[in-house]
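Where a number appears in this text, it was derived from the coordinates with a stated rule and is not lab data. Just so it is clear, the model here is predicted, and its values are computed rather than measured. When we count neighbours, we look across all protein chains shown, and the Cβ atoms used for this are built from the backbone with ideal geometry, even at glycine.
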Amino acid sequence: MVNILGVKFHRVTMEQALEKVDSLMKEPGPQLIVTANTEMVMMANQDPLLFEIIRRSALVVPDGIGIVWASRILNCPLEERVPGVELMDKLLERSAEKGWRVFLLGAKPGIADQAAENAKKKYAKLNVVGTYHGYFTKEEEQELISRIKAAKPDLLFLALGVPKQEKWAAANLAKLGIPLAMGVGGSFEILAGTTKRAPKWMCRSGLEWLYRLIKEPWRIGRMMALPQFAILIMLEKMIVKGDLKDA
Ligand code: UDP
């Protein structure tokens, strides 16, 4: 594990993350996969419930380049980014191969349906057993819960944003009897085709965050956590003089 400001990341490549999911599927649930970026690490440091949920999660992978950068600064390098949107896509492929039943919960009405349709076009054998939008009221939540129970998914993707998706999972997975869930933020829009991902060269150069900032300037407020994150990492580096931070 690699400890970034208290949040412990699994040291896995994308391929190893997929292998881990295979083994998690065989274990009794519920289990949560977290793909965390710097904003989430900063948020977790101010939100004890979110921090605890991440601590108990079965798999925590670095969604953003900032986490990989911090791991290098702290002399305990994470291998590579494991972006949530890519992990979700590979898990959809895996689900089609293995016959895992998938449920998509989140985003604005219509988006999860479109994402499901596109995923089924891509992976013909994929069994999407249900979708639901992410702006449900307390009353609708009962209907949502009944639908999920009836659909009996093996894998639930939650696109409700951080920390809502993690908190909803923590509060509901056990009673829903779902073995495995993963928070995927804005990934349904990408799968549905309503939002585009950064060009490959930007992803490769660690500039995906800049692309998102240009496309969605309202993110600047949330990204203000980034300089604070960098300062905290540098302070930690100075204080521990670059000692290994393996937890
Ligand atoms: N969302 C939702 N319900 C809410 C708030 C947000 O379904 O009450 C959805 C929103 O439509 C979007 C996703 O959650 O699809 C959040 O995307 P974002 O890119 O902000 O994710 P994050 O950066 O938090 O991972």
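Label-to-label distance for Lys175 and Glu93 is 3.7 nm, based on points extended 7 Å past Cα in the beta-carbon direction. With the simple spin-label model, which puts each label point 7 Å out from Cα in the Cβ direction, the Lys164 to Arg56 separation comes to 2.2 nm. A dipole drawn for segment 48-196 from +1 and -1 charges on Cβ atoms has a positive end, and of Ala171, Gly99, Thr194 the residue lying farthest that way is Gly99. With a 10 Å cut-off between alpha carbons and a GNM built on the chain, which of Ala159, Ala150, Ala44 moves the most? Highest fluctuation among the options: Ala150. Neighbour counting of Cβ atoms within 10 Å sorts the residues Arg11, Arg204, fewest neighbours leading, into Arg204, Arg11. For segment 187-200, backbone phi angles converted through the Karplus equation (6.51, -1.76, 1.60; θ = phi - 60°) give residue-by-residue couplings of 6, 5, 4, 5, 5, 6, x, 8, 10, 9, 7, 4, x, 3 Hz, Gly and Pro being listed as x. For Gly185, the residues 5 or more places off, or on other chains, whose built amide H falls under 5 Å of its own are Leu160, Gly161. Given a Förster radius of 25 Å and the C-beta distance between Arg219 and Ile239 as r, what FRET efficiency does 1/(1 + (r/R0)^6) yield to the nearest 0.05? With R0 = 25 Å, the Cβ-Cβ based efficiency is 0.25. In square nanometres, what is one fourth of the surface area of the convex hull spanned by the alpha carbons of segment 13-149? For the Cα atoms of segment 13-149, the hull's average projected area reads 9.5 nm². Highest mobility in the GNM of the chain, judged by mean-square fluctuation with C-alpha springs under 10 Å and restricted to Pro227, Pro153, Pro83, is found for Pro227. Can you work out the PRE-style zone for Glu79? Point 7 Å along Cα to Cβ, and I want the residues of segment 14-52 with backbone N under 15 Å. Label zone hits: 14-23.
In this structure the amide hydrogen of Gly106, modeled in the peptide plane, comes within under 5 Å of the amide hydrogens of Tyr132, His133, Gly134, Ala159, none closer than 5 places in sequence on its chain. What is the log10 of I(q)/I(0) for the chain, computed with the Debye formula using one identical point scatterer on each Cα and no solvent, at q = 0.09, 0.12 Å⁻¹? Results for the chain at q = 0.09, 0.12 Å⁻¹ read -0.38, -0.68. The sum of -39500 (n - 2.57) across all DSSP H runs of n ≥ 4, divided by the residue count of the chain, sets its helix-only mean residue ellipticity at 222 nm to -15500 deg cm²/dmol.
Between Glu143 and Ile231, the distance separating the two model label sites (each 7 Å from Cα on the Cα→Cβ line) works out to 4.8 nm. Computing FRET efficiency as 1/(1 + (r/R0)^6) for Met202 and Lys20, where r is the C-beta to C-beta distance and R0 is 41 Å, gives about 0.90.
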